Each structure stands twice: as structure tokens, then as C-alpha cells.
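Notes for the one structure printed next.
Computed from the coordinates by the stated procedures, all read-outs in this text should not be read as laboratory data. Quick caveat, the model's predicted, so the values are computed rather than measured. Cβ atoms come from the backbone with ideal geometry, glycine included; neighbour counts cover every protein chain shown.
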Amino acid sequence: MSNSHEGLPQPLTARRGKSLSGRVKLPGDKSISHRAMIFGLLSVGETMVEGLLEGDDVLRTASACRALGAKIDRLGDGHWRVHGVGIGGLRSPADVLDFGNAGTGSRLMMGVVGGHNITATFDGDASLRKRPMRRILDPLVEMGVEVVSQAEGGRCPITIKGAADPLPITYATPVASAQIKSAILLAGLNSPGRTTVIETEATRDHTEKMLSYFGATVRVTPEGHDGRRIELEGRPELKPRPIMVPRDPSSAAFPLVAALIVPGSDVLIEGVMMNPLRTGLLTTLLEMGASIEIVNPRYEGGEDVADLQVRSSTLKGVDVPAARAPSMIDEYPVLAVAASFARGETRMRGLNELRVKESDRLQAVADGLAQAGMTYAIEGDDLIVQGMNGAVPGGGTVATHLDHRIAMSFLVMGMASDKPMTVDDERMIATSFPSFVALMRNLGADFYA
Ligand code: S3P
């Protein structure tokens, strides 16, 4: 498969234009799209998927599932069929599993491979090769997985030999991470006993929800103040179920913040997933005084969804508690953009996990803010932005470090800053939101190469 970022970087610039208006239909949720492929692989028979995100990251996971034995067909726009082989039925892939930029795909699939008596090598692009994988390998080793080889510091390329009979473990995740939780549960699917994951802060629960939807026995109980205990009985027979992927709230963040900061805008964002473990940005923006009306809330495809009517707003700075981080972990770059246009200071607390995303996002955001002429500070794990009350200078070029969300965030900034904002490379946007540029232009954005 070709890389979405082979060849030369492609800079893109956003400049202030007219107000934004119209309706947007976002692509499917990235987290659920990865899991749709994986649950399809692990069920015997045909899983039909509607609304799949056809971004590079998810296509990598689909390729990996094929390499492990699934037959996967694209039937139409977002409409896919996965013919799975079931738990215990996987084969060793013939080639390296190349996950490109995809942290979620690679980490969840390490869990899948780790629970089977097969061997596979995981690799990816320069960004993925920098990301810490020991957090996944450590619990898998406890389950009986052998790490055959790894690059320095537990990084890709990594070869693992899965466990034929994964040991049932109880594991308390050291950091709030749905990827760690999911990798353990996916490995635990082929364990003869009960696998338990304890998280002190609840993270996105798509894996647990899909496990029970596909017929596994999973028990989720509260743990401590904000945490959860998830117990999975091993060796269920997963039964194929139709999946309707809801629209991605992490992608919604970009047109949402754009509509808030571009004066005179009025935008309807349709059918956004409202899973409470994903709506931290919405909570924060409402606290900042954003005009966001939650219209027509409904239940679709196993998740709460709603339309968001967004009108440009005068925002005020807020203090974002660290406890909110798991429910908006991917949204801090674009929140920093919203904070730049607000009146007063915004403090975002507890951002240490941002350092190990597709880039060191804390640094990348800070550098982008510097390019835009903003005043900001990093204090420990906190980011503090001094809002400019609508008058963000702008005018710089932002280094995106192969990070889609850095690229999209600073393009959104350029839609309302005094001078245009340039990002050094827009190609990675295709990993999560291939229609971003067209969709934003449709609303009225002025982007040019
Ligand atoms: C994801 C979990 C989060 C998030 C990522 C998607 C998932 O990562 O940042 O974009 O689908 O499980 P962590 O588990 O590392 O926080």
C-alpha cells in the first residue's frame, strides 16, 4: 500500500474569508472504524459496515486484517463487508504489517496478534516509529506474548509471537489510554479465563461496547472516583453484527471551532457521536460561552448522536481540569486555537499524554502558537494560552511533524487570524479526515496551496 505521505510535503495556507454557512456531514468515527474491521476479522461470517471512515489509518487496519485472514470488500461509499475467520482462526501474515501513521490500528492489532499463536511484525512511518509501544507490550508479555525483536526503547519495527493460550490477567493501566485497555481485551478474547482491565480514569469505551454487541460477556463496573473495571470472559464466539459508524466528534471539532471564530458564521454539523467519553471539547467550549445548540438528539448504531447548530461566538478563557483530558484527548490542538481567539487566559491541565501522540503535540501546538504571534506558556504538563479577544496576529508557517490534527488546527486558525496561516504539509490530513479541505471550502473557507 502506498503512503499518504510519499513524495514531497504539500504546504497549504488558510486566510480570512467570508463567514461560514451550510450543513456538514462528517466522515465516520476513526476509533469505531478501526474496531469495525477488527471485530469483523474476529467474528465468523460476514460483518456489514456502513459509514466507515475511509482514511489512510483505517485502510491500514483493513489491510492488516486481510493479512491475518479476513476477506474484506468495499461495496460502496463507506459501505464495507468483512468476512471474518473468528477468534482462534487467524494466520501469520506473510509480510510486515505496515500501519503507516496509525497508532490506534497498530496497538489494537498487537493485542489481536498477541492473543493468537502467530507471529507478526509491526511497522509504520517516521511518526509511528517514535511512539512508545512498551505500554502495550508490557501487559501482553504478562499474558504470554514473546517480543521477538524491537527497536530501541520498545518502538517499531516490532516483531511479536502471540500466546497460544493467553493467560487471563488483571491489569491496571498506568496511563489513561483506551488503546492499552483495548489491546489487553482483544488479546483476552482468546484467553481460557477472565481478563480484567482497571482504569483509574474512564477512557473511550467503544471496545467494551462492541464486545458485548458482538456477543461477548463483558462486565463494566465503576472503580474509584472516575475509573472503571472491565471484565471479559474469554473465548466467546463473536457473531457478526451490522455496524453503523457514527460521525467522528474529533473531526467535528474542526468545523465547530472554525464556525465559532469566523465572525458571522452559522453551521449545522449533522449526526455527531455524543458518547460522553468523547464530548469533553463540547463541554469546554460551552463553558467558554460558545453558541452550540444540540439539536435532535437520538440513538443510532449503538451510540448517542445529535446535530450541532454552531454560531460564531465571543469566547472567554477557562480552566480545563486534567480529569477532562481522556474525553477530549485529541481535541487540545484545536481547543488551543479557540483559546487564542477568546478573551482572557485558558489553562489546559494535565497534557502529558499529548507528548506521545502523532507528534509531541504539546510542543507542536506551542510552536504553532509562537508562529502565530501568540503569548503562551508550558508549565509542567499544563498549556496556558493568553487569548487575543478575536485579534490573533497569525502569519507564520507551522511545522506539522506528520500530525494531521496539527495541520487541521492551524488551518482553522488561519481562517480567522489577521494574517494567513500556512502549514508545512497537509498530506497527513488524509489519515483521519480525507474530505477536510473540500468540506471546509464548501462552508466558505479560503484555502490555497
Ligand atoms: C484512541 C485512543 C486515544 C486517542 C486515539 C484513538 C482509540 O489514544 O488519542 O486517537 O481509538 O482507542 P490513547 O489510548 O493513547 O489515549
Worksheet item: By how many nm would the segment from Ile378 to Ala438 grow when fully extended, if each residue of separation counts as 0.36 nm and the alpha-carbon distance is taken off?
Response: 18.2 nm
Discussion item. Test of understanding: what is the full-extension gain from Asn352 to Asp266, defined as 0.36 nm times their sequence separation minus their Cα-Cα distance?
Written reply: 27.5 nm
Practice prompt. Add +1 for every Lys or Arg and -1 for every Asp or Glu among the other residues with Cβ under 12 Å from the Cβ of Val58, and state the total.
Written response: -1
Worksheet entry | Most mobile of His225, His79, His34 in a GNM of the chain (Cα contacts under 10 Å) | His225
Fill in: Mean Cβ neighbour count within 10 Å, used as a protection proxy, ranking 298-310, 125-137 highest first
125-137, 298-310
Worksheet item: How many percent of the alpha carbon pairs in the chain exceed a separation of 41 Å?
Response: 13 percent
Item to complete: Can you grab the distance from the C-alpha centre of the range 281-300 to the C-alpha centre of the range 133-198, Å, no decimals?
Response: 36 Å
Worksheet entry | Relative packing of peptides 81-92, 97-108 - highest average C-beta neighbours within 10 Å first | 97-108, 81-92
Response to the item:
From the Cα centre of the range 398-417 to that of the range 50-64, the distance in Å is 23 Å
Worksheet, complete the sentence: Taking 0.36 nm per residue of separation between Ile294 and Ala164 and subtracting their Cα-Cα distance, the length gained on full extension comes to 42.0 nm
Worksheet item: Residue by residue, what Karplus-based ³J(HN,Hα) values in Hz, rounded to whole numbers, does the range 216-221 have, using 6.51, -1.76 and 1.60 with θ = phi - 60° and x for Gly and Pro?
Response: 7, 9, 10, 10, 10, 10
Worksheet item: R0 = 45 Å: FRET efficiency of Ser92 with Asp424, Cβ-based, nearest 0.05?
Response: 0.70
Fill in: Size-normalised alpha-carbon gyration radius of the range 76-141, reference 2.2 N^0.38 Å
1.23
Response to the item:
Simple SL model, points at 7 angstrom along Cα→Cβ for Arg235 and Tyr448; separation in nm is 6.6 nm
Discussion item. Rg/Rh for the range 30-244 to two decimals, with Rh computed the Kirkwood way over all alpha-carbon pairs.
Written reply: 0.93
Fill in: DSSP bridge pairs, the chain: antiparallel proportion in percent, nearest 5
75 percent
Item to complete: Pairs of lysines 8 or more apart, or on different chains, with alpha carbons under 18 Å: count those in the chain, would you?
Response: 9
